[in-house]
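I have placed the structure first, in the form of structure tokens, so that the comments after it can refer back to it.
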Amino acid sequence: MSSSPLQDKVAVVTGGSKGIGAATATALVNLGAKVVINYGRDSAAAEKLVKTLGTDKAYAVQADAGTLSGVEQLVKATVEKYGKIDILIPNAGILPMKDVESTSEADFDRTFALNVKGPYFLVQKALPHIPRGGSIILISTTQNFASTVSAPYTLYCATKGAIDQMVRVMSKDLQAKKGIRVNAVAPGPTGTELFFEGKSEQVLKMIASLNPNNRIGTPEEVADAIVFLAGDGAKWVSGQTIRVNGGQA
Ligand SMILES: NC(=O)c1ccc[n+]([C@@H]2O[C@H](COP(=O)([O-])OP(=O)(O)OC[C@H]3O[C@@H](n4cnc5c(N)ncnc54)[C@H](OP(=O)(O)O)[C@@H]3O)[C@@H](O)[C@H]2O)c1
């Protein structure tokens, strides 16, 4: 097999400057793709990653991936730079720990904006630029498949439930009309800023103990599954949400 199976492919990763997004952008470049790394606020982190990956292979675009104008701007910048989008990864997301009683309208709107509205309209705006054989990979969560889940995941899981249904329905529509595959990965607890925020050592240990490997996953382990779905090795895989969690659920 070629060592650059994604040569000539163009990928867009929202929230591509950190965590799972950064590991995915890195893996895509290592397989030969050109990658647009979208980020929200921290331009230093995005520019540092672009420098590491090479300015001929990676390009940073600041845009709010939770707004219509932001996703339009991201698509426009990508098409101006590279002309098309073969691999679309709406990855940016937030995890406010909110049960139903403590959720404000602002929490609800902010979380649904980045986790659901952004991915939905990014797909819509990118579609005219995705050729046949293109691949869309959304990000769900293992929490949606766990037999028990704690109340503070209520708002987050509601948003990821919407992602699971987008995969189910859009995959059939876009395969039939445009030959584009739509899948998702559902990571388990993974060592990123989003995951570590606000958790004590004790809580981190307890979460690790729920996994049969007695540890949480790494962003690179999740990225490996995402790039599998991006490539031709997954050309007969569509409409699937793949759990990437070391066997936890
Ligand atoms: N980590 C886990 O345990 C886990 C488990 C299951 C699912 N997931 C999902 O995996 C995805 C990635 O999570 P992660 O843990 O890798 O997150 P992370 O490490 O916190 O990274 C977040 C990324 O999103 C960007 N971002 C934040 N707000 C943005 C906005 N409004 N517009 C554009 N970019 C924005 C950040 O850039 P700036 O810092 O510049 O704003 C950063 O690049 C999310 O959808 C999350 O729900 C994560």
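Going by average Cβ density within 10 Å per residue, which order do the peptides 11-17, 128-134 take, highest to lowest?
On the way: 11-17: 29.3, 128-134: 15.4.
Result, highest mean first: 11-17, 128-134.
Pick from A45, A151, A33 the residue whose mean-square fluctuation is largest in a GNM of the chain, springs joining Cα atoms under 10 Å.
Comparing A45, A151, A33 in the GNM, the peak value goes to A151.
Springs between alpha-carbon atoms under 10 Å, Gaussian network over the chain: tell me which of M166, M97, M206 tops the mean-square fluctuations.
For the chain, modelled as a Gaussian network with Cα springs under 10 Å, the answer is M206.
Over the chain, how many percent of alpha carbon pairs lie in each 10 Å bin up to the one with the longest distance?
The distribution over the chain is 8, 33, 38, 18, 3, 0, given as percents.
Take the alpha carbon atoms of region 70-95, find their center, do the same for region 185-238, and report the distance between the two centers in whole angstrom.
23 Å
How far is helix 219-230 tilted off the main Cα axis of the chain, in degrees rounded to 10, range 0 to 90?
40 degrees
Treating the angle as unsigned and between 0 and 90°, give the value, to the nearest 10°, between the Cα long axis of helix 68-82 and the longest Cα principal axis of the chain.
That helix lies at roughly 40 degrees to the long axis.
Calculate for the chain the 222 nm mean residue ellipticity that helices alone would give, adding -39,500 (n - 2.57) per DSSP H run of length 4 or more and normalising by residue count, nearest 500 deg cm²/dmol.
-13000 deg cm²/dmol
Kindly flag which residue pairs out of K48/K98; K51/K177; K117/K172 have an alpha-carbon separation exceeding 30 Å in this structure.
K48/K98; K51/K177
Among N91, N211, A106, pick out the residue whose Cα is farthest towards the positive end of the charge dipole of the chain, where Lys and Arg carry +1 and Asp and Glu carry -1 on C-beta, about the Cα centre.
It is N91.
Read-outs: derived from the displayed coordinates by stated rules, not from any lab. Being a predicted model, the structure only gives us computed values, none of them experimental. Ideal geometry is used to build each Cβ from the backbone, glycine not excepted, and the neighbour counts take in all protein chains shown.
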